[in-house]
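Working notes for the structure below.
Please treat every number below as a calculation from the coordinates, not as lab data. Note that the structure is a prediction, hence the values are computed from the model and not measured. A quick note on method: Cβ atoms are made from the backbone with ideal geometry, for glycine too, and the neighbour counts reach across all protein chains shown.
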Amino acid sequence: MKLKKSKVMKSKTKISLANELTSEIDYYLKKLFPLCRSLTGEKNRITLKILQEIIPLDIFEIESGKKVFDWEIPKEWNIKEAFIADKNGKKIIDFRNSNLHVINYSQPIDANFSWSELKSKLYTHDKIDDAIPYRTSYYKEDWGFCLSKKQYKDLSNSDGPFRVLINSNLSNGSLSLGEYILKGTSDKEILISSYFCHPSMANDSLSGVLLSCFLAKYISKKKNRRWNYRFIFVPETIGAISYCYLNEKRLKNIDVGLVITTVGGKGKFSYKQSWQNNHWINFLIEQNFKSLNEEYITYPFDINGSDERQYSSQGFRINVGSICKDKYYEYPEYHSSKDNLDFVKARQIRKSYEIYVSLIESLESLTFYKNTKPNCEVMLSKYDLYPKLGGGFNQTNTIYTSTDIILWLLFLCDGEVPIEKISYDLNIDQSILNETIKKLIKANLLKKL
Ligand code: ZN
């Protein structure tokens, strides 16, 4: 009876903790959604400061004009107001109603236009009539407005000339980055990156930023962590490139990474594989989905996508995976005003959070062994490991002899691939491998990392 009671108590606590987390996510989702973020600007700083309420991340600034590899930090962009008004001064399109109305990084302008002049500066959504598309013009000085098809029609039926005002500012400033490092007991390190440059869209990229923060909070409370965790919050592309530039040496030694984005949709879970599809991070993500009995879609690595493009580039070559819930590109609301708080709910982000938490727990339980004599094969007979070890491995149901298992372990245990993946690839149960591992450790041929 007592046991049952404590079980009930435990599940109640679990439910209330989950509810608490959902309402916290909901609070920050609503607080951060309205901010007009971009590559740079005050709203980015405010966003990072709000995230500091969740985790004590450090904020870094990189000056406009600074060269970062082949790129340059752009001027800082800030915007106060923008509208298109008809000849009577009635605002037909107003930035205050949606910050997607203005092309992100639009130059300032205050001028009158006829309809035929204005319409080349207007953009509507290809497929959804009442959606405002999300457009940017980061590296080409330009301006423009995005609007729904209905708004476009209303505008075309209004009387011009139209007054166009964009009260924005492009000047020397800086680009803001966030970083939160959690030390572990080993020298293994994982990079966990999310981008916060999108204005009012909830799945892309706010859901990823929030999940990342709450995941960092979860890990920070975990005692005896083995892995080092490097959480970074960057504007997509230029922010990731800047971070790689500033941390080149460190990043070259990172084992594995995750880009957390689009994790709050209503649809299915999916994951994008890292650039080497046989890498253990892909194995781990799939095993995790299977152990949780969750259905998922697999997307192979593609050269398009998010910041894994930078972290996996030739200079860094980090294997970076992404678990998503309604992956970018794949949902109709993507990059539009329909990617909003009706589409994304805190409980959906929490579901993805649980998948990531479970992945981190699996990551923490991985075991790595390293061959202490990696240069050519060792002389097994010297260690009394050849060929007498026969027998005792019949339960493997595999074609491997005991000597094969020794040779495979010495061949594959390079400190980079966990034994869980080696066991899977060899199709030999880990408990059987462990018997041989014990012998190899005793002979000082293998060490546990
Ligand atoms: Zn995007």
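Counting neighbouring Cβ atoms within 10 Å and putting the fewest first, the residues Thr436, Thr262, Thr124 line up as Thr124, Thr436, Thr262. Restricting attention to the chain, close to 65% of DSSP beta bridges with both partner residues there are antiparallel.
Across region 147-163, coupling constants 3J(HN,Hα) worked out from phi with the 6.51/-1.76/1.60 Karplus curve, θ = phi - 60°, read 7, 6, 5, 5, 5, 4, 5, 4, 5, 5, 8, 8, 8, x, x, 9, 8 Hz, and Gly and Pro carry x. Counting only aspartates and glutamates at least 8 places from Lys30 when in the same chain, those with an alpha carbon closer than 17 Å to its own are Glu20, Glu53, Asp204, Asp339, Asp342.
Once you have a ≥ b ≥ c as the square roots of the Cα gyration tensor eigenvalues for region 406-449, tell me rounded if a/c is under 1.5, and otherwise prolate or oblate according to whether a/b is larger than b/c. Judged from the Cα gyration tensor, region 406-449 comes out oblate (a/c at least 1.5, b/c at or above a/b).
Taking the inverse of the mean reciprocal distance over all distinct Cα pairs, the Kirkwood hydrodynamic radius of the chain comes to 24.6 Å. Over 24 Å between Cα atoms: which of Lys67/Lys217; Lys249/Lys290; Lys217/Lys345; Lys80/Lys140 fall into that group? Those over the limit are Lys67/Lys217; Lys249/Lys290.
With the convex hull drawn over the C-alpha atoms of region 218-294, the volume per residue is 152 Å³.
Neighbour counting of Cβ atoms within 10 Å sorts the residues Val259, Val378, fewest neighbours leading, into Val378, Val259.
Separation of region 137-168 from region 321-385 is 42 Å, based on Cα centroids. Angle of helix 346-364 to the longest C-alpha principal axis of the chain, folded into 0 to 90 degrees and rounded to 10: 30°.
Assuming a ≥ b ≥ c are the square roots of the Cα gyration tensor eigenvalues, decide whether region 75-190 counts as rounded (a/c under 1.5), prolate (otherwise, with a/b larger than b/c) or oblate. Verdict is prolate for region 75-190. Taking every alpha-carbon pair under 8 Å whose residues sit at least 6 apart, the chain reaches a relative contact order of 15 percent. The fewest-to-most ranking of Ser186, Ser38, Ser116, Ser193 by surrounding Cβ atoms within 10 Å reads Ser116, Ser186, Ser38, Ser193.
Farthest toward the positive end of the dipole of the chain, out of Ile360, Ser16, Tyr383, is the Cα of Ser16, where the dipole comes from beta carbon charges about the Cα centre.
Rounded to the nearest Hz, the phi-derived 3J(HN,Hα) couplings of region 287-295 under the Karplus curve 6.51 cos²θ - 1.76 cosθ + 1.60 (θ = phi - 60°) are 4, 5, 4, 5, 5, 8, 6, 9, 6, where x marks glycine and proline.
Stokes-Einstein, applied to the Kirkwood radius of region 110-248 over Cα pairs at a viscosity of 1.306 mPa s and 10 °C, places its translational diffusion at 85 µm² s⁻¹.
Straight-line reach from Lys382: taking Cα to Cα under 27 Å and skipping same-chain neighbours fewer than 8 places apart, the lysines in range are Lys370, Lys373, Lys438, Lys439, Lys442, Lys447, Lys448.
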